[in-house]
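Notes to accompany the following structure.
The values are calculated or read from the model by the stated rules, or taken from the named source; none is laboratory data. Quick caveat, the model's predicted, so the values are computed rather than measured. With ideal geometry, Cβ positions are generated from the backbone for all residues, glycine too; neighbour counts draw on all protein chains shown.
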Amino acid sequence: MKCYIGNILTVNKNNEVAHYLVEENGKIIYVGNELPEQYKNAEMIALDKKALIPSFCDTHQHFASFSTFFAGLNVMDAVSNAEISQMIKDFVKKSTAKTLIAFGASPYSVKERRLISRAELDAVCPDKEIMVVKYDGHACIVNTKLLNKMDSKVRNLRGYHPDTGEMNQEAFFQFSNYISSSLSLIDLVKNMQNAVDFYAEHGIGMIHTVSGVGFPMNLDITFEKLFAKGLENGFQIRVFPQPMNIKTALSRKLPRIGGCFESALDGCFGSMDAAMNEPYSNTEDKGILYYSDERVIDFCKEANRAGLQIELHAIGDKAFDQATKALKAALDDYPRDDHRHGIIHDCLPTEAGIKICADYNIQLPMQSAFINWKQEPDEYLESIMGKDRLSKLNPINTFRKNGIVVSFGSDAPCTSPDPIVWIDRAVNNPNENERISVQDALRMCTYNGYYTTFDEKDRGSLEIGKTADMVILSENPYTIDKSELQNLRVEKLILSGKEYRSCKESVIKTVVRGIISDSAY
């Protein structure tokens, strides 16, 4: 039995702050301001200026992709393509992999103001296949060796640009699928173990992963499910299969479906293929809807009637309208009281779409890390959409005022999974009209995330009877100056009452345990 004393931020219905929390056998058995006599022999843990909060939940990311890229070369912090070239040159010398992966290239954060090119990749990596994935996860640049390997499969696809080596849209998906299918499943699981340890360092106790990214027979979905069930340290994973075929979920007994890639309705701002109701600035281009309204509605109706929870990727306002109309049509066709359907990203919503979300209880897993994002800065966004649309991006407070459940996620590997960043960006948003309170931001990182996948009855707030999934922060976010939020540190992740233990072990042990386990996933 342990008793935590100090700043207990419960994130319960009333956002109460308690002075004592008692945990026993992985469960919270007392929360309050007076310690009852029967708990006074417990091990006492003084928090002092620190704070105890519920563990964080990342409500949208690509676990297999992040795990793979996390094992590769991260170039997000490079300030020039010359620096990226040198990083790749050094990486080539160290790596024994047949195909190399770098991630995080952005034309907006390097001095050349363009993506690294195929020619530049050939200069430092002529003899191994290499794919440099753009920061938004929707495009890549490949060298000649990899292009030659894939040319016959991609040359007639949308997004094929052999001169520069840049591949986006359907051409990018083919390259992504190739990289995924070239990985051994043993390496994939090892990469997943390393990734989970990284999440834990940032206080994340649960992730929602969208899966199905090119492995034969969607083996990544199967392995993520087995991996999730095989963990023994209390870390939680909820798997969303991305293919728009409900059999993919039903055959694996998964209660949810949707995400990005195959169930993405549009692209992204970085490649100017997010679907817009009005053209991008100084062009007639409105981006791309990947599917017709009829196709999306039919999918949503089928999935909703099958009892599945649905999530759809929508970044541009036209895609947001398509998503809201499709979910509305599905719920009008077959009403369900507690469906928890959601729309991911929600970067540029419309008033009509917001009303549908409010009326039909559609929840929104957003990325507050996109606010004031180095890889996609406001000056770039203003240049492609103008000041008016820029002011309407990521309207977290607008959603909150309309009673819509908002949760936060990283969209990893697009941004690094770091809930402290999510809180800071949401509270200190440069757009003052869309700023929210620290209390609301913390709820969106914790309780609302667990709510999204029906896990709030057991996790997400510090209340009697719930699992003791908790984080100790270096200071109390409710009382420090808002400008100091970015300096908060996660000091400890506690899952089921125990300090987080690394999940690195034999791959076979993890998989076998996953096969026989009946735990949630």
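Close contacts from the range 402-422, counting a first residue that is closer than 19 Å to His138 by Cβ and a second that is surrounded by fewer than 24 Cβ atoms within 10 Å (Cβ to Cβ) and modelled with pLDDT of 95 or more, with Cβ to Cβ under 7 Å and a gap of 6+ residues or different chains, come to Pro417/His202.
In the list Asn218, Asn191, which residue meets the criterion of being at negative phi, assigned to a helix (DSSP H, G or I) and either within 20 Å of the chain's Cα centre (by Cα) or without any contact (Cβ under 8 Å) to a residue 24 or more places away in the chain (or both)?
Only one candidate qualifies: Asn191.
Considering each residue of the range 358-379, count those that are over 16 Å from Asp337 (Cβ atoms), part of a helix (DSSP H, G or I), touching a Ser or Thr at 6+ places or on another chain (Cβ under 9 Å) and not aliphatic (A, V, I, L, M), and give that number.
1
Ile343 satisfies every condition listed in (1) touching a helix residue (DSSP H, G or I) at 6+ places or on another chain (Cβ under 6 Å); (2) surrounded by fewer than 21 Cβ atoms within 10 Å (Cβ to Cβ); (3) not basic (Lys, Arg) except (2).
Does Glu434 fit the bill of being surrounded by fewer than 19 Cβ atoms within 10 Å (Cβ to Cβ) and outside the structural domain of Ala71 (by TED's automatic domain parsing)? So Glu434 fails the test.
Consider the range 86-142 and keep the residues that are among the hydrophobic types (A, V, I, L, M, F, W, C) and surrounded by fewer than 19 Cβ atoms within 10 Å (Cβ to Cβ). The one that is farthest from Ser383 (Cα to Cα) is Ala97. Please work out if Lys98 is of a type in the set (D, E, K, R), over 29 Å from Ala264 (Cα atoms) and modelled with pLDDT of 95 or more. No.
Can you pull out every residue in the range 397-424 that is in a helix (DSSP H, G or I), farther than 16 Å from Asp346 by Cα and under 16 Å from the mean Cα position of the chain (by Cα)?
Across the range 397-424, the qualifying residues are Pro419, Ile420, Val421, Ile423.
For the range 154-163, indicate whether the set of residues that are under 30 Å from Thr452 (Cα atoms) and touching a helix residue (DSSP H, G or I) at 6+ places or on another chain (Cβ under 8 Å) is non-empty. No, the conditions are met nowhere in the range 154-163. Check the range 180-193 and report whether any residue there is among the polar types (S, T, N, Q) and touching a strand residue (DSSP E or B) at 6+ places or on another chain (Cβ under 7 Å). The answer is yes, given that some residue of the range 180-193 is among the polar types (S, T, N, Q) and touching a strand residue (DSSP E or B) at 6+ places or on another chain (Cβ under 7 Å).
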